[in-house]
Amino acid sequence: MTNPTPTIQFSLGAFEEESLNTRPVSNVAVLSLMVGLCSLLVPLSGYLLPLSLLAIVLGGVLSYRLSRPDADAGVWMANVCLGLGLMSAVWVIVANRMHSDYLSATASRHAAEFLSLVAQGKNYEAMELRLPNAQRQPADMNLQDYYEAYEGVVVPEMAMLGLFGGGEETRDPLRERKLSSLMFRQDPVITHIQHNPTANWRYQATKEIQYNKEVTRIQVVMRSDQDASKPVVIELMRNLTQEHADIAEWRVNRIFFLDSH
């Protein structure tokens with residue numbers, strides 16, 4: 001009895017797998033991986049957000065092209081690039097949104113405090129909120145006497161801050177404080193608020209947020225329940241000093257009607 005002739009079976013799948021394993025790695029795929037890794041730096045600064053967008057576009061396009069059977073190897077690198085780009089972009093967008101919401105909520109509280117003092121006729125206390133903490137008078141100071149009659153030695157505060165249109169040290173502090181008090185009382189927005197002392201002012205929206213190094217300027221729109229036709233914009237300044245970087249100082253910069261600017 002003769003032995004059967006051995007048969008050799010070829011596996012097409014094995015050849016395909018070997019072909020895939022021996023495909024050259026795409027240089028662009030390697031570049032995309034490097035771009036994706038660099039996009040991890042985006043959460044450190046919002047200015048790097050275009051790097052995330054580049055990683056998303058590059059990774060998406062390259063992943064599609066390398067998924068073809070005849071394409072070079074490296075599709076996993078493109079997928080990593082795409083994933084890291086998406087992750088870093090979402091991180092920055094969500095973080096910026098949360099930070100903006102925090103600033104708006106804090107600014108609206110300071111604006112409500114200012115409006116409450118004005119509505120109660122506490123002009124001097126409200127005027128103090130326009131100054132940095134270091135320039136405000138101590139709690140035991142009679143603010144009416146300070147703004148209307150005090151002639152003692154004081155640090156130059158208001159003229160330095162430009163509240164009267166100037167930036168130089170005042171030569172007559174008492175005159176400047178009296179002028180500031182008069183201008184404050186005659187301001188049309190202040191007059192409007194004091195004509196509705198029982199009004200309830202609520203936060204409506206954030207009009208603008210501008211970042212400038214340590215100082216952030218925030219404009220919030222406050223609307224009265226008694227006269228909704230005249231919303232008021234309170235512009236606040238948030239300052240982070242180098243000495244106390246973890247403590248933010250807030251002050252009211254200016255106020256105006258929404259439709260007047």
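The values are calculated or read from the model by the stated rules, or taken from the named source; none is laboratory data. As the structure is a computational prediction, the values presented were derived from the model and not from experiment. So basically every Cβ, Gly included, is an ideal-geometry build from the backbone, and we count neighbours across all protein chains shown. We work out accessible area using only protein heavy atoms, side chains counted, and drop any ligands, DNA or RNA first. Shrake-Rupley method; radii C 1.70, N 1.55, O 1.52, S 1.80 Å.
Numbers for the structure displayed
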| read-out | value |
| --- | --- |
| Vicinal HN-Hα couplings computed from phi for region 134-147 (Karplus, 6.51 cos²θ - 1.76 cosθ + 1.60; Hz; Gly/Pro x) | 5, 9, 7, 7, x, 5, 8, 7, 7, 5, 5, 5, 5, 7 |
| Rounded accessible area of residue 229 (nearest 10 Å², 1.4 Å probe) | 90 Å² |
| Table column - 3J(HN,Hα) (Hz), region 100-106, Karplus curve with 6.51, -1.76, 1.60, x for Gly and Pro | 5, 5, 5, 4, 5, 5, 5 |
| Zone of residue 135's modelled label, taken as backbone nitrogen in region 214-236 under 19 Å from a point 7 Å along Cα→Cβ | 214-219, 234-236 |
| Label-point separation, residue 102 to residue 144 (7 Å along Cα→Cβ), nm | 4.1 nm |
| Rounded accessible area of residue 136 (nearest 10 Å², 1.4 Å probe) | 60 Å² |
| Gained length - residue 174 relative to residue 249, 0.36 nm times residue gap less alpha-carbon distance | 24.4 nm |
| Net charge of Cβ neighbours under 11 Å - reference residue 229; Lys, Arg +1; Asp, Glu -1 | 0 |
| Theoretical FRET efficiency, 1/(1+(r/R0)^6), r = Cβ-Cβ of residue 91 and residue 198, R0 51 Å, to 0.05 | 0.65 |
| Normalised contact order of region 50-159, rounded percent, pairs of Cα under 8 Å and 6 or more residues apart | 19 percent |
| Residue 217 accessible area, assembled protein chains, probe 1.4 Å, Å² | 70 Å² |
| Region 172-261 shape via C-alpha gyration tensor axes, a/c threshold 1.5 | oblate |
